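A.B. asks: This is the structure I want to talk about, given as C-alpha cells.
The values are calculated or read from the model by the stated rules, or taken from the named source; none is laboratory data. Keep in mind that what you see is a predicted model, and the values were worked out from it rather than measured. FYI the Cβ positions are ideal-geometry reconstructions off the backbone, even for glycines, and counts take in every protein chain you see. Accessible surface is based on the protein model in full, side chains and every heavy atom, while ligands, DNA and RNA are left aside. Shrake-Rupley method; radii C 1.70, N 1.55, O 1.52, S 1.80 Å.
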Amino acid sequence: SIQPVYGAQHPPLDPRLTKNFIKDRSKANALPMKSKKASSFHEFARNTSDAWDIGDDEDEDFSSSSSSLQTLNSKVAKATAAQVLENHSKLRAKPERTQSALSDMPANCKVIKSSSEAQLSRTSEEACVRTPLQKQQSLPLRPVIPLVARISDQNASGAPPMTVREKTRLEKFRQLLSSHNTDLDELRKCSWPGVPREVRPVTWRLLSGYLPANMERRKLTLQRKREEYFGFIQQYYDSRNEEHHQDTYRQIHIDIPRTNPLIPLFQQPLVQEIFERILFIWAIRHPASGYVQGINDLVTPFFVVFLSEYVEEDVENFDVTNLSQDVLRSIEADSFWCMSKLLDGIQDNYTFAQPGIQKKVKALEELVSRIDEQVHNHFRKYEVEYLQFAFRWMNNLLMRELPLRCTIRLWDTYQSEPEGFSHFHLYVCAAFLIKWRKEILDEEDFQGLLMLLQNLPTIHWGNEEIGLLLAEAYRLKYMFADAPNHYRR
C-alpha cells in the first residue's frame, strides 16, 4: 500500500535551470495569454515537473530503473549546483574577489569530492556567466560554503568547534549519562539547546525511549532489540519478492537513491541496502500506513548519528565497508528502532488520506493568520494554498528545506520536547515561514511565491540559525499552545 506524496521534490529544484525550460518558455510565449484566474496551481505544476520524473518510468524493471537513476543523479547535481551558485551570485561582484575568497577558504570548507564533481565544476563555470533568471534572494555576507553541505554540526559561520561553555555542557551530559539511573527530565532540559556530538548517539537512544534510564539494563536491552530486528529480517525480508509486497519494495528501491543524492555516503550500495531493509521491515509491520514516499528521509539523521559513534571525522565521505559487520548491524538495528519510535508518534501523517498532515497544515494556516495577517492575506491575494508548500514541511519534517546538519540539531530539541515531532513541529514551521516574510511580500505572483517557498536559501544555515528558529518557535508555542483563542481575529 503505497501512497503518493503531494508535491514532493528532492532536492527542490528550479525548473528554469533545466534545458527544457527555454523550450517551454518559447512555446508559452507563442500562445495567447490565459486568464490570471485560470487554475493557477495546475498551470504551475505543469511548468514545474518533479525532478525525479526525468527518465523514471514506472513500468520499467529494477535494472533499468537503477541505470536511469544514475543518469538522473548527475542531472540533479548539475541543476542543484547551478541553483546554489545563482542564489549566491550577489556575493560574486568580481571574479577576482571570488578567487581570493576561495583561496582564503578554511580547510574544513573544502568542496567534497564526489562522483559528480566534474559536472559540478562545469556547471559552476556556466553559472558564473549566466544572466539570472529570477530575482535573487538577499543573503548576508558569509564565507564561501561547499556546494554539498557538510553534515558536521558546526556553525556555517566558522565558529570554533568547542568553546569553554560547550566543554562544560559536555561534562554535564557525561555525568548524567554515567549515573546509575539517568534523570531523563534533566537530560531533556540539557538537550533542548543542542546535544554535543560526542554524546549524541546515547542521548538520542535514551530520549527516544529505545534505551532504559537504568545503566545496568542498557547492554542487555540493546542486545535483545538488535537480535529482535534481525529476527524480523530473517522472517520477513524474503517476502519482498512476493506479489503482494512487490509494489512496496519497488517504491522503496526507487526512492533510496533519491535520498540526499549529493552526499556520497548515501550513494554507497551497502548503505542503500541497509536503508531498503529498514524501510521494508517497517512498512510490512505497519500495514495501516505501509510505505509512504518521504519516510526514507527520516532514517538518515539516525543513521548519521549512530555512524558518528564509530567515525571521528565527518561522515559524508566515509566508506562504510571499513566498518566491521557487527558495527554495521548495530547501526542498522538502532536506526530502525529509533525511526520506529519517531513514527509511532506521527503515524496518522502516513495512514490513508494522511489526516495528520491535513490537520497540521490547517493548524499552520490558522496560526499564521493570527501571527502575521499581512503574510496570510498575501497568500490569499495570489491564491496560494498552504497545502501546496506546507504538505512537504509536515510530511518530511522540514528535512527537504534544511541541510542535514540542521535537521540533526533540530531533532535534538524535538526529542527534548513533549510531542516534539507532532506538536512543536507546527510552531517551528510557523516560525520558519515568518522568517521569510520580507521575501514573501516582495513576490507578487503565484509562480514566484511557489518557487520561493520550494527553494528557500538555507544551504548556509548552521546551529546559530536553527537556535534562533527554535527560540521563535518556543515563543509562539508559549503564546498560543495553551491559549487557542489568543489573538483570534
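A.B. asks: Please indicate, with yes or no, whether at least one residue in region 330-351 is closer than 22 Å to TYR237 by Cβ, in contact (Cβ under 8 Å) with a residue 12 or more places away in the chain and either among the basic types (Lys, Arg) or open to solvent by 60 Å² or more (accessible area, probe 1.4 Å) (or both).
C.D. replies: There is at least one residue in region 330-351 that is closer than 22 Å to TYR237 by Cβ, in contact (Cβ under 8 Å) with a residue 12 or more places away in the chain and either among the basic types (Lys, Arg) or open to solvent by 60 Å² or more (accessible area, probe 1.4 Å) (or both).
Condition check ((1) within 20 Å of TRP192 (Cβ to Cβ); (2) basic (Lys, Arg)) across all residues:
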| position | (1), (2) |
| --- | --- |
| VAL327 | no, no |
| LYS341 | yes, yes |
| LYS360 | no, yes |
| GLU373 | no, no |
| TYR382 | no, no |
| PRO403 | no, no |
| TRP411 | yes, no |
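A.B. asks: In region 412-489, which helices (runs of 4 or more DSSP H) lie fully inside it and hold 2 or more residues that are open to solvent by 20 Å² or more (accessible area, probe 1.4 Å) and closer than 21 Å to GLU366 by Cβ?
C.D. replies: Ranges flagged: 425-435, 437-442, 463-480.
A.B. asks: Are any of the residues in region 302-322 hydroxyl-bearing (Ser, Thr, Tyr) and either within 18 Å of the chain's Cα centre (by Cα) or closer than 27 Å to HIS423 by Cβ (or both)?
C.D. replies: no
A.B. asks: Restricting the first residue to region 437-466 and requiring it to be not assigned by the TED database to the domain that holds MET399, which pairs with a second residue that is open to solvent by 50 Å² or more (accessible area, probe 1.4 Å) and of a type in the set (A, V, I, L, M, F, W, C) meet a Cβ separation below 9 Å and a spacing of at least six or different chains?
C.D. replies: Cβ pairs passing all conditions: none.
A.B. asks: Would you kindly identify the helices (runs of 4 or more DSSP H) lying entirely within region 325-402 that contain at least 1 residues that are β-branched (Val, Ile, Thr) and out of contact with any helix residue (DSSP H, G or I) (no Cβ under 7 Å at 6 or more places or on another chain)?
C.D. replies: The qualifying helices (runs of 4 or more DSSP H) are 325-344.
A.B. asks: How many residues does region 361-381 hold that are touching a residue at least 40 places away in the same chain (Cβ under 8 Å), closer than 16 Å to LEU426 by Cα and open to solvent by less than 30 Å² (accessible area, probe 1.4 Å)?
C.D. replies: 5
A.B. asks: Testing PHE306 on (1) part of a helix (DSSP H, G or I); (2) open to solvent by less than 10 Å² (accessible area, probe 1.4 Å); (3) out of contact with any Asp or Glu (no Cβ under 7 Å at 6 or more places or on another chain), one condition comes back false. Which one is that?
C.D. replies: Among (1) part of a helix (DSSP H, G or I); (2) open to solvent by less than 10 Å² (accessible area, probe 1.4 Å); (3) out of contact with any Asp or Glu (no Cβ under 7 Å at 6 or more places or on another chain), the lone unmet condition for PHE306 is (3).
A.B. asks: Here is a follow-up. So the check is Cβ under 9 Å with 6+ separation or different chains; which pairs have a first residue in region 406-430 that's free of Cβ contacts under 8 Å to residues at least 12 places away in the same chain and a second one that's among the charged types (D, E, K, R) and surrounded by fewer than 23 Cβ atoms within 10 Å (Cβ to Cβ)?
C.D. replies: Going by the 9 Å Cβ cut-off, the qualifying pairs are PRO418/ARG188.
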